[in-house]
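This report refers to the structure that appears directly beneath it.
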Amino acid sequence: MTAFRTDLITGGAIAVIGAVYYIATFSIQETANIVTPRTFPAIVGIGLIVLGLFLAGQAVVRHRKDTLSEAAPGSAGSAHSTAAGDGDGAAASAGESSVETADRSSGQEGVGGIVLEAPPEPQVRKVVFQFALFFVYLAILIPVGFLLATAAFLMGLTSIYAPEKWIRNLIFSVLFAVVVYTAFVYGLAVYLPVGILG
Amino acid sequence: MDTLIDLGGGFASALEPVSLAFALLGVLLGTVVGVLPGIGPISAIAILIPVSFGMEPVHGLILLCGIYYGSMYGGSITATLIKTPGEVASAVTAIEGYEMARRGRGKAALATAAIGSFLAGTLAIIGLTFLSPVLVKLANVFGATEYFLLMATALLLASTMSAGSRAKALISIFIGLAVGLIGLDFQTGLPRQTFGMDLLSDGIDFTIFAMALFAIPEAIRNLALGRGAKDEIQSFGDDKWMTKEDWQRSAGPWARGSVVGFIIGILPGVGPSLASFMSYIMEKRISKRKDEFGHGAIEGVAGPEASNNAGVGGAMIPLFSLGIPGSATTALLLFVFTMYGLQPGPLIFRDETGLIWTIIASMYIGNIALIILNLPLVGVFVKLLKMPKEILFSSILVLVVIGAYAIEFSLFGLMMLGIFGVIGYLMEKGGIPLAPAILALVLVPLLEDNFRRMLQISGGSFAPLVTRPVSLSIIILMVLGIIGPVVFRWWVSRRKLLADVTVS
């Protein structure tokens with residue numbers, strides 16, 4: 001995804017979230033206080049809408065400027081330097097100079113454009129799968145119990161990653177679950193769910 | 001004089017074997033967790049908060065403070081040897097330190113980072129020792145207006161002074177505010193933004209939010225990447241430690257970095273990341289060897305590393321004396337204080353004198369422990385870098401799940417962890433920084449409470465914002481905080497100070 005599309009989608013999503021949040025404030029009961037319980041949530045909802053629209057709008061404007069400068073070869077360089085100079089964040093300027101690297105690296109960019117290598121981007125399908133596994137683990141933790149659920153979860157994750165090392169994976173999964181369980185329950189008195197083993 | 005007596009008392013109890021053990025354990029644990037690639041101080045503290053649940057408050061706090069600066073140092077090892085900064089503050093080390101390591105000067109880079117961190121950290125704690133009591137006295141004239149303004153300033157500066165897009169940092173803050181307002185309104189007891197779900201009326205737990213945002217996206221991303229190219233770890237076994245020239249070249253950056261970092265650290269809302277960037281830019285500006293920057297200049301490691309550790313000490317000042325966290329990490333510490341039923345601020349210095357000074361004294365000790373333990377042990381820590389990724393990140397997922405369970409003891413808490421994990425992942429994907437959201441979440445109840453009290457006292461008028469001398473000065477600071485970074489960015493880009501360190 002290009003920086004343009006990322007910002008457009010992010011901005012749009014934030015504006016929608018802001019709108020939902022703002023609408024939810026209507027169900028807060030009104031009171032006679034100077035600052036009612038509604039005041040802050042309403043400000044936050046509106047703030048999110050405005051910021052989301054601003055981000056999306058900014059992306060569109062930048063995109064237009066970019067396409068214009070590409071159309072006129074030779075001026076691309078100067079367009080880049082003005083973008084870096086207009087002061088609104090290294091993310092934007094880096095996004096224009098090297099779209100591939102800046103795609104998800106804005107968290108690691110510095111004041112004035114210290115740009116680090118962007119970490120590699122995993123496939124969406126795999127991310128969804130990892131999250132799905134994680135949610136299954138969360139769902140079974142209490143009914144099944146910490147020891148079994150954790151050992152199974154760890155075994156699953158490590159086996160997807162390195163199936164040929166299954167002996168190591170098994171030892172690690174069981175050992176980690178047991179050691180952590182013992183440490184928390186007996187050492188720190190944090191009682192973890194026993195589930196079907198109880 | 002009183003301060004020295006209090007500090008002496010603090011040392012007496014910080015040097016008791018149990019306290020000493022916790023300080024050492026904290027530093028060691030912090031370094032170990034900080035060394036793990038992709039785990040910065042925020043994740044380190046968030047993951048380890050559950051460990052402190054059953055402890056005495058003073059021991060838990062000593063432990064977590066130790067973890068804080070331990071993980072900062074651990075992060076610089078990772079940045080130097082595999083170019084993976086655990087957080088933004090060590091991003092410049094990932095450039096200069098890594099280049100030094102590639103040129104066979106890894107040991108010198110690690111040493112200058114460690115010694116610089118120690119010196120700067122100690123200076124900052126001395127500053128903390130003597131400035132906090134002053135600020136506590138000043139805080140006596142603070143009313144709701146000033147507290148409201150300080151918190152608003154913290155949030156504002158967190159967005160204007162952050163690295164990257166300011167609009168996105170502001171979005172992050174508003175997300176934090178939005179999440180923080182979910183639950184019962186503490187003044188009227190009315191439910192807000194619960195979308196009809198009773199379970200949400202207790203609000204979103206802060207630790208769950210922090211763990212979900214900081215640990216889960218990173219773990220899932222790495223697990224989903226599968227086996228790729230292995231990180232190349234720079235070896236340094238045969239390198240020389242610092243030479244006489246290295247010492248001479250490091251001394252100036254250490255001193256300047258300490259001062260810059262300390263001042264920036266005190267500012268509300270500005271974390272150590274800006275401190276390290278400022279120091280880097282400054283060192284580059286005054287260096288006679290500008291061409292070495294980007295290719296392993298020792299000044300570029302010494303200054304920023306000193307600076308971000310001085311920033312840690314500086315950030316503790318508003319936290320301890322006013323109860324206002326200046327960064328996501330100090331926000332976590334504030335949360336830990338309140339978890340133990342303690343409220344940092346003027347009252348803690350009056351009512352819990354022993355406790356607060358013990359913690360301050362333990363910071364001196366922790367800093368010394370850091371350098372004594374870690375420089376010789378660096379070879380051991382490096383082994384951690386070789387830990388297989390699937391083992392590392394699946395363990396982290398299990399640890400945050402334990403943490404979430406230990407807080408809520410319910411499926412609801414666990415699901416919240418998962419859902420905010422997804423939200424955190426999407427935020428990162430959209431380029432929205434995560435740290436400002438954490439700060440906003442902690443500050444929003446205080447912000448709203450003080451805003452309400454301000455208007456109740458004034459009968460609905462906003463006049464106190466400008467008629468009270470203290471609040472007026474805070475407003476001036478606020479305006480400078482908005483204009484300052486703009487001018488600074490303009491100046492940096494004007495001079496093209498960083499043009500040639502862009503690595504891609």
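Of note:
- Projecting the alpha carbon convex hull of the range A:124-197 along each direction and taking the average yields 5.2 nm².
- Nearest-0.05 FRET efficiency for B:F195 and A:V60, computed from C-beta distance (R0 30 Å): 0.40
- Label sites at B:F412 and A:T2, each approximated as a point 7 angstrom past Cα along Cα to Cβ, lie 4.6 nm apart.
- The reciprocal of the average 1/r between distinct C-alpha atoms defines the Kirkwood hydrodynamic radius, which for the range B:367-504 equals 21.3 Å.
- More than 39 angstrom apart: percent of Cα pairs within chain B: 20 percent
- Computing FRET efficiency as 1/(1 + (r/R0)^6) for B:A21 and B:S473, where r is the C-beta to C-beta distance and R0 is 30 Å, gives about 0.10.
- Cα coordinate range in the protein assembly as shown, projected on the principal axes (Å, largest first): 72, 68, 65
- If the segment from B:K290 to B:T243 were pulled out straight at 0.36 nm per residue, it would be longer than the present Cα-Cα gap by 14.9 nm.
- Averaged over B:188-196, number of beta-carbon atoms from partner chains that fall within 10 Å: 5
- Our summary gives chain B a relative contact order of 27 percent, counting only alpha carbon pairs under 8 angstrom and 6 or more residues apart.
- Structural descriptor for the range B:321-466: relative contact order 26 percent, calculated from alpha carbon pairs under 8 angstrom and at least 6 residues apart.
- Peptide A:30-43, shielding by other chains (average Cβ, 10 Å cutoff): 6
- Within the shell of other residues whose beta carbon sits under 12 angstrom from the beta carbon of A:Q29, the net charge comes to 0, with Lys and Arg scored +1 and Asp and Glu -1.
- Sites count as exposed loop sites when they are trypsin sites (Lys or Arg not before Pro), lie in a DSSP loop, and have at most 16 other Cβ atoms within 10 angstrom; the longest stretch of chain B without one is B:104-226.
- Per-residue Cβ neighbour counts within 10 Å put A:E121, A:E164 in the sequence A:E164, A:E121, beginning with the fewest.
- When you count the other C-beta atoms within 10 angstrom of each residue and take the mean per peptide, B:408-420, B:310-322 line up highest first as B:310-322, B:408-420.
- Residues of the range B:149-188 with amide N under 17 Å of a point placed 7 Å along Cα→Cβ from A:T31: B:181-188
- Take each residue of peptide B:174-181, count the partner chain Cβ atoms within 10 Å of its Cβ, and average: the result is 6.
- Separation in nanometres of the label points that stand 7 Å from Cα toward Cβ, at A:Y186 and A:V124: 4.9 nm
Here, each number is a calculation from the coordinates, and none is a lab measurement. Nothing here was measured: the structure is a model prediction, and the numbers come from that model. Using ideal geometry, Cβ is built from the backbone for each residue, glycine included, and neighbour counts are taken over all protein chains shown.
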